[in-house]
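The values are calculated or read from the model by the stated rules, or taken from the named source; none is laboratory data. Because the structure is a prediction, the values reported are computed rather than measured. All Cβ positions, glycine included, derive from the backbone under ideal geometry; neighbour counts span all protein chains shown. All accessible areas refer to the heavy atoms of the entire protein, side chains included, with ligands and DNA or RNA removed. Shrake-Rupley method; radii C 1.70, N 1.55, O 1.52, S 1.80 Å.
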Amino acid sequence: MTAKIGYDDVEVGTELPAQTFPVTRATLVRYAGASGDFNPIHWNEKFAKEVGLPDVIAHGMFTMAEAIRVVTDWLGDPGAVVEYGVRFTKPVVVPNDDQGALIEVSAKVAAKLDDNTVRVDLTATSAGQKVLGMSRAVVRLA
Amino acid sequence: MALDQSFVGRTYPPTAPYEVGREKIREFAEAVGETNPVFTDPEAAKAFGHSDVIAPPTFVFSITFRAAGQVIEDPQLGLDYSRVVHGDQKFAYRRPVRAGDRLTVTSTIEAIKSLAGNDILDIRGEVHDEAGEHVVTAWTKLVARAAEEV
């Protein structure tokens, strides 16, 4: 487990490079296949609307997978993630067009902990709405 | 109808082993847009001290959620899955999941709450490898929304 970021090189408030992740219907179909989650709310507009959703929505676990990339790309070694948790607060609505939706993720160091670990707090939004709450990772630095 | 509190603490039998394959990890990594070679190239993984390619942090959910099916589909518990949404998800890792792992999951009902007519179910999945070593724990909070008034 060798992260490329050193514990002594970060402070509380250190910002990680933010990233924006596009998500289209094709992305969701692909994620459904790879993850085995074939719930039709993630690919069938008619079904999604019948159960009261505005449109097809992204898998919460897809959003969770994208958000941690801001942390793992910063770390270099994804194996340095010790804990990761989120609350799914609002769905990412994905329209059936070429643009789809965007998930914007920023993160900063919120606390320095024992054993060269730090807590990173993440913020994920889509269409101006916060889509993840309580989104936190604990990572081990070099 | 509120779920039976006596199910709190119930542990289900461990699942049959899930064998983690390199190509399944590659498929998942590509589906979430990952480009880090540690997920696809064993040599790149070794440079970070891993014995084989590792899986992205959320990969293991596919395995733990399948295991949680024992709870979700337990007819005695009687959860209305058609009304269930995923509330929270958390993982605590002892080490990353890697290709070649044969993983079993033991699911436990940690809590059952009823809030404004919603049933809230907390399931903990303990993931172990073939040697019996702990790999990761997954906590999944499911919310069964209250049935609408007819």
Sequence-distant aspartates and glutamates (8 or more away, or on other chains) whose Cα lies within less than 17 Å of B:LYS141: A:ASP37, A:GLU83, B:ASP4, B:GLU73, B:ASP74, B:ASP80, B:ASP88, B:GLU110, B:ASP119, B:ASP122, B:GLU126
Rounded to 10°, Cα long-axis angle of helix A:25-35 versus longest principal axis of chain A: 70
Charged-residue dipole, Cβ positions (Lys, Arg, Asp, Glu), chain B about Cα centre, Debye nearest 20: 260
Cα lying deepest toward the dipole's positive end in region B:7-150, options B:GLY33, B:VAL60, B:THR11, charges on Cβ: B:THR11
Protein heavy-atom accessible area occluded, B/A pair - total, 1.4 Å probe, Å²: 2500
Cα long-axis angle, helix B:61-72 against chain B (0 to 90 degrees, to the nearest 10): 30
Amide H within-cut-off set for B:VAL136, under 5 Å, with H built and near neighbours excluded: B:ARG94, B:VAL127
Principal-axis tilt of helix B:22-31 within chain B, Cα atoms, nearest 10 degrees: 70
Exposure of A:SER106 as accessible area (Å², to 10), given a probe of 1.4 Å and all protein chains: 50
Accessible carbon and sulfur surface of region B:1-103 relative to its total accessible area, %, 1.4 Å: 51
Above-threshold pairs, the threshold being 21 Å between Cα atoms, out of A:LYS49/B:LYS113; A:LYS90/B:LYS90; A:LYS130/B:LYS90; A:LYS49/A:LYS90: A:LYS49/B:LYS113
Accessible area per residue, Å², the protein assembly as shown with all protein chains present, probe 1.4 Å: 47
Computed label-point distance, nm, for sites A:ASP98 and B:ALA16 using a 7 Å Cα→Cβ extension: 4.7
Sequence-separation-based contact order of chain A, relative, with Cα cut under 8 Å and 6+ spacing, percent: 34
Under Karplus coefficients 6.51, -1.76 and 1.60, residue-wise ³J(HN,Hα) of region B:108-118 in Hz, glycine/proline x: 10, 7, 8, 7, 10, 10, 10, 9, 6, x, 8
Computed label-point distance, nm, for sites B:TRP139 and B:ALA2 using a 7 Å Cα→Cβ extension: 2.3
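Percent relative contact order of chain B, based on C-alpha pairs within less than 8 angstrom and at least six residues apart?
Working: 294 pairs, mean separation 44.1, N = 150.
That works out to 29 percent.
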